[in-house]
Amino acid sequence: MSGHVLILNAGSSSLKFRIYELGDAADSWNVAAGGQIEGIGTAPRLHAKDGAGKTIADDRLAGKADARAALDALAKWLRTRFGAKGLVGVGHRVVHGGASYAAPVVVTARVLDDLRGLEPLAPLHQPYNLAGIAQLLERLPDLPQVACFDTGFHRGWSDVAELVPVPAEIRRAGVQRYGFHGISYEYIAGALPRVAPEIADKRVIVAHLGSGASLCALKNGKSVDCTFGFTALDGLCMGTRPGALDPGVVLHLFQALELSAKEVETLLYKKCGLLGISGFSNDMRELLASPDPNAMLAVDYFIYHATKQLGSLAAILGGLDGLVFTAGIGENSPEIRRRISEACAWLGD
């Protein structure tokens with residue numbers, strides 16, 4: 001077999017990709033290229049590097065390019081660069097698999113319809129994840145496409161960890177705690193035996209801190225619990241999402257402030273979190289650099305609640321043997337790592 005496999009992570013404003021080429025061994029896949037189209041809808045630009053890290057594309061795309069046009073542009077670039085060998089398959093990151101999809105699945109029209117039913121539970125991600133799949137199904141119906149779910153790694157939690165304390169008839173309709181960022185956490189769990197074998201099979205908390213933020217408790221490399229629950233609104237304060245919120249606040253938005261369901265959805269997904277507290281930015285870099293008191297308050301709140309929920313997961317694990325940081329803030333902000341680590345010093349070295 002020869003050819004390439006394309007991996008896509010489609011979002012509202014970016015399309016991240018990586019392409020693998022079959023190596024000499026039957027099960028050996030080498031990175032041929034990777035990058036992203038960012039600025040979709042405003043000023044889209046294609047960035048790409050080859051497997052050695054050399055820049056092979058840095059091109060401004062014509063117009064504002066919506067998500068559909070961005071995928072068309074990527075397909076054209078891939079044909080130009082790798083046209084000698086066609087695609088043999090595409091893998092997609094899909095945020096929500098619901099109760100029915102715990103493992104990667106080959107996407108059919110029926111599967112796609114099922115996943116569309118979950119869009120209200122992940123409106124910032126699911127519609128864009130699925131749009132790319134639908135576009136490829138339309139144009140290349142015989143090309144195998146596989147959906148990999150952010151919820152999948154967390155399946156297998158205990159009954160009490162999955163439970164949402166509402167009546168049984170509501171739970172039977174799929175209302176349970178799912179957890180997200182599972183693809184990231186599964187990668188970390190798989191990498192720990194190589195990079196930190198001394199903690200790989202012990203009690204570890206992974207802090208996925210970015211525009212979306214969460215914590216995951218691992219024991220023996222398996223997910224035990226996560227700060228995300230039924231939707232990706234729960235848990236930590238995020239760039240534009242509030243994290244854990246008293247349900248009475250939501251009732252107040254409907255009853256006293258008379259907001260519509262769409263207005264509440266927009267508020268909770270796009271106007272809260274770091275942006276809501278600071279009043280001007282959801283970018284941790286800008287907040288750390290700003291002397292504005294509200295920026296400082298946003299950073300303090302982020303650290304306070306990360307520390308608070310880290311402690312709760314440590315209690316579930318019965319102690320802590322390792323703390324791992326990942327994602328944009330976790331990887332690139334020594335200040336945030338330092339402050340969270342210092343606040344958790346009581347857990348031990």
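The values are calculated or read from the model by the stated rules, or taken from the named source; none is laboratory data. Bear in mind the structure is a predicted one, so any value in this text is a computation, not a measurement. Cβ coordinates were reconstructed from backbone atoms using ideal geometry, including for glycine residues, and neighbour counts include every protein chain displayed. These accessible areas exclude ligands, DNA and RNA; they are computed on the full protein's heavy atoms, side chains included. Shrake-Rupley method; radii C 1.70, N 1.55, O 1.52, S 1.80 Å.
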- Kindly indicate whether Leu313 is under 19 Å from Leu209 (Cβ atoms), touching a strand residue (DSSP E or B) at 6+ places or on another chain (Cβ under 7 Å) and assigned to a helix (DSSP H, G or I). yes
- Task: Please identify the pairs in which a residue from region 300-313 that is farther than 13 Å from Ser341 by Cα has its Cβ atom under 7 Å from the Cβ atom of a residue that is among the acidic types (Asp, Glu) and modelled with pLDDT of 95 or more, counting only partners at least 6 apart or on another chain.
- Result: Leu313/Asp225
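Looking at Arg194, is it at pLDDT below 95, farther than 22 Å from Asp234 by Cβ and open to solvent by 70 Å² or more (accessible area, probe 1.4 Å)?
The answer is yes for Arg194.
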- Message: Condition first: in a helix (DSSP H, G or I), under 30 Å from Ser158 (Cβ atoms) and open to solvent by 50 Å² or more (accessible area, probe 1.4 Å). Now tell me which residues in region 316-334 satisfy that.
- Response: Ile316
- Name every residue in region 200-243 that is aromatic (Phe, Trp, Tyr) and buried (at least 22 other Cβ atoms within 10 Å of the Cβ), in order of residue number. Phe228
- Message: Looking only at region 151-205, how many residues end up being under 14 Å from the mean Cα position of the chain (by Cα) and on the phi < 0 side of the Ramachandran plot?
- Response: 13
- Note on the structure: Inside region 3-30, the number of residues satisfying the requirement of being under 24 Å from Tyr128 (Cβ atoms), touching a strand residue (DSSP E or B) at 6+ places or on another chain (Cβ under 9 Å) and either free of Cβ contacts under 8 Å to residues at least 60 places away in the same chain or open to solvent by less than 30 Å² (accessible area, probe 1.4 Å) (or both) is 12
- Task: Please name all residue pairs, on different chains or six or more residues apart, with Cβ atoms under 6 Å, provided the first residue is in region 88-105 and is among the basic types (Lys, Arg) and the second residue is modelled with pLDDT under 90 and crowded, with 16+ Cβ neighbours inside 10 Å.
- Result: Arg93/Asn9
- Got at least one residue in region 100-112 being among the aliphatic types (A, V, I, L, M), more than 28 Å from Ile170 (Cβ to Cβ), in a loop (DSSP other than H, G, I, E, B) and touching a helix residue (DSSP H, G or I) at 6+ places or on another chain (Cβ under 9 Å)? yes
- Note on the structure: Note on Asp300: of the conditions (1) part of a helix (DSSP H, G or I); (2) of a type outside the set (Lys, Arg); (3) surrounded by 14 or more Cβ atoms within 10 Å (Cβ to Cβ); (4) at pLDDT 95 or above, unmet is (3)
- Item | Matching residues, region 46-57, being open to solvent by less than 80 Å² (accessible area, probe 1.4 Å) and either in a loop (DSSP other than H, G, I, E, B) or of a type in the set (D, E, K, R) (or both) | Asp50, Gly51, Gly53
- Task: Please determine, by comparing only the residues of region 154-180 that are assigned to a loop (DSSP other than H, G, I, E, B) and of a type in the set (A, V, I, L, M, F, W, C), which one is surrounded by the most Cβ atoms within 10 Å (Cβ to Cβ).
- Result: Phe180
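Listed here are the residues, each with its yes/no results for (1) of a type outside the set (A, V, I, L, M, F, W, C); (2) at pLDDT below 95; (3) surrounded by fewer than 19 Cβ atoms within 10 Å (Cβ to Cβ).
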{"site": "Thr266", "(1), (2), (3)": "yes, yes, yes"}
{"site": "Ser278", "(1), (2), (3)": "yes, no, no"}
{"site": "Met296", "(1), (2), (3)": "no, no, yes"}
{"site": "Tyr304", "(1), (2), (3)": "yes, no, yes"}
{"site": "Leu347", "(1), (2), (3)": "no, yes, yes"}
- Matching residues in region 88-133 (open to solvent by less than 50 Å² (accessible area, probe 1.4 Å) and among the aromatic types (Phe, Trp, Tyr)) number 1
- Query: Of the residues that sit in region 134-152 and are assigned to a loop (DSSP other than H, G, I, E, B) and closer than 26 Å to Tyr187 by Cβ, which one is most open to solvent (accessible area, probe 1.4 Å)?
  - Reply: Pro144
